[in-house]
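To start, the structure under review is shown below, and the notes come after it.
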Amino acid sequence: MSGCVTPLRSVLLAVTFLLLAACSRLDLAYRNLDLVIPWWISTYVSLDDTQKAWLEPRLQKHLVWHCRTQLPEYVAWLEQLVQLSQRPKLTATDVQGQFVQVRDAARDIAVEITPTAIGVAQNLYPQQMGELYVSMDERNVELREEHVAPPLRDQVAARSERMRERVEEWMGPLRPSQQARIDTWAKDQGDYNRIWADNRENWQKELRSALYSRHNADFPARLTALLQEPETFWTAKYRKAYPAAEDALARLLTDLFNSADEGQRNALRQHIGEMIADLKGLECFPR
């Protein structure tokens, strides 16, 4: 059953061309789920045998739930993308409609695992809390060094390169005009990396505050809000920047698709088809 984790990550991250992308990140799907899935904690904190024994059956339950209820929805979603790819042209509204489905999928998973996340947090020892905070700080430093510290021109170049690689994974080599469109999008995002990093750390600040009071009666409600309604804790700058970034991403992906030649469109359909086949081939997929 553990094999279902990788296909989920593949679906929600690899559909980057149509849904998720680079540093205009929607901060949905696995970007935020990296903070909410309970087994994520083991990459930041060393759980003892008792804690692992408590977590394992709950993890298996979540995987069974995901495989039997969510994978069929992902397949239907991908099949919808195939239908969209048959159209001569797409609109930004078409692509934004897919963003909504990503948000819904992320929220469904957050709701499913919230009780387990609460239990994991309530069972952490003080020394584990310290280990968690150090790990989070170290990761934040790494992210800032990679995405925020470089000069803005280097951030833009890296943003463009990441997008190009992800689009080419789906469509094959891009033409110069398509690369130019990506370059324009990357430049227009400006200092979004810093806004995103500040927002991520603000969410973590709220998480730390909640975890500090994890034995109080209001802790389950506080953590539930953090996991299921993360937008409540966005910074003012991110709240302002996010809709524009999402709209820019939708317009970029729309333009890339509409400018695609038949070979690129065939490559896109083939890639989506292979993913559908892979998901349907999982043992847990309903027959």
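The values are calculated or read from the model by the stated rules, or taken from the named source; none is laboratory data. The model shown is predicted, which means the values in this text are computed figures rather than measured ones. Please note: Cβ atoms are built from the backbone with ideal geometry, for glycine as well, and neighbour counts cover all protein chains shown. What goes into the accessible areas is simple: the full protein's heavy atoms, side chains included, and nothing from ligands, DNA or RNA. Shrake-Rupley method; radii C 1.70, N 1.55, O 1.52, S 1.80 Å.
Quick rundown of the values:
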item: Any chance Ala241 is touching a residue at least 60 places away in the same chain (Cβ under 8 Å) and within 23 Å of Asp183 (Cβ to Cβ); result: no
item: Answer from Phe233, Phe257, Phe219 - the residue that is surrounded by 14 or more Cβ atoms within 10 Å (Cβ to Cβ), over 22 Å from Ala105 (Cβ atoms) and at pLDDT 90 or above; result: Phe219
item: Filter pass, Thr232 being in contact with a helix residue (DSSP H, G or I) (Cβ under 7 Å, 6 or more places away or on another chain) and free of Cβ contacts under 8 Å to residues at least 12 places away in the same chain; result: yes
item: Within region 87-103, tally of residues that are assigned to a helix (DSSP H, G or I) and surrounded by fewer than 13 Cβ atoms within 10 Å (Cβ to Cβ); result: 2
item: Flag if Leu282 is buried (at least 20 other Cβ atoms within 10 Å of the Cβ) and at pLDDT below 95; result: no
item: Hits in region 49-75 (condition: over 26 Å from Val100 (Cβ atoms) and either aromatic (Phe, Trp, Tyr) or touching a residue at least 60 places away in the same chain (Cβ under 8 Å) (or both)); result: Gln51, Trp54, Leu55, Arg58, Val64
item: Given (1) within 22 Å of the chain's Cα centre (by Cα); (2) open to solvent by 60 Å² or more (accessible area, probe 1.4 Å), index of the condition Asn199 fails; result: (2)
item: Any hit, region 172-191, residues being on the phi < 0 side of the Ramachandran plot, in contact with a His (Cβ under 6 Å, 6 or more places away or on another chain) and in contact (Cβ under 8 Å) with a residue 60 or more places away in the chain; result: no
item: Boolean, Thr224 is loosely packed, with under 14 Cβ neighbours inside 10 Å, under 20 Å from the mean Cα position of the chain (by Cα) and of a type in the set (S, T, N, Q); result: no
item: Region 164-196 - residue that is out of contact with any helix residue (DSSP H, G or I) (no Cβ under 8 Å at 6 or more places or on another chain) and either open to solvent by less than 60 Å² (accessible area, probe 1.4 Å) or of a type in the set (A, V, I, L, M) (or both) and, of those, farthest from Glu262 (Cα to Cα); result: Ala180
item: Pairs with Cβ under 8 Å, 6+ apart, first in region 105-126 and closer than 25 Å to Asp49 by Cβ, second of a type in the set (D, E, K, R) and open to solvent by 30 Å² or more (accessible area, probe 1.4 Å); result: Thr116/Arg58; Gly119/Arg58
item: Every residue from region 145-175 that is charged (D, E, K, R) and within 15 Å of Tyr192 (Cβ to Cβ); result: Glu146, Arg153, Asp154, Arg159, Arg162
item: Residue match in region 153-160 (condition: at negative phi, of a type in the set (Ser, Thr, Tyr) and surrounded by 16 or more Cβ atoms within 10 Å (Cβ to Cβ)); result: yes
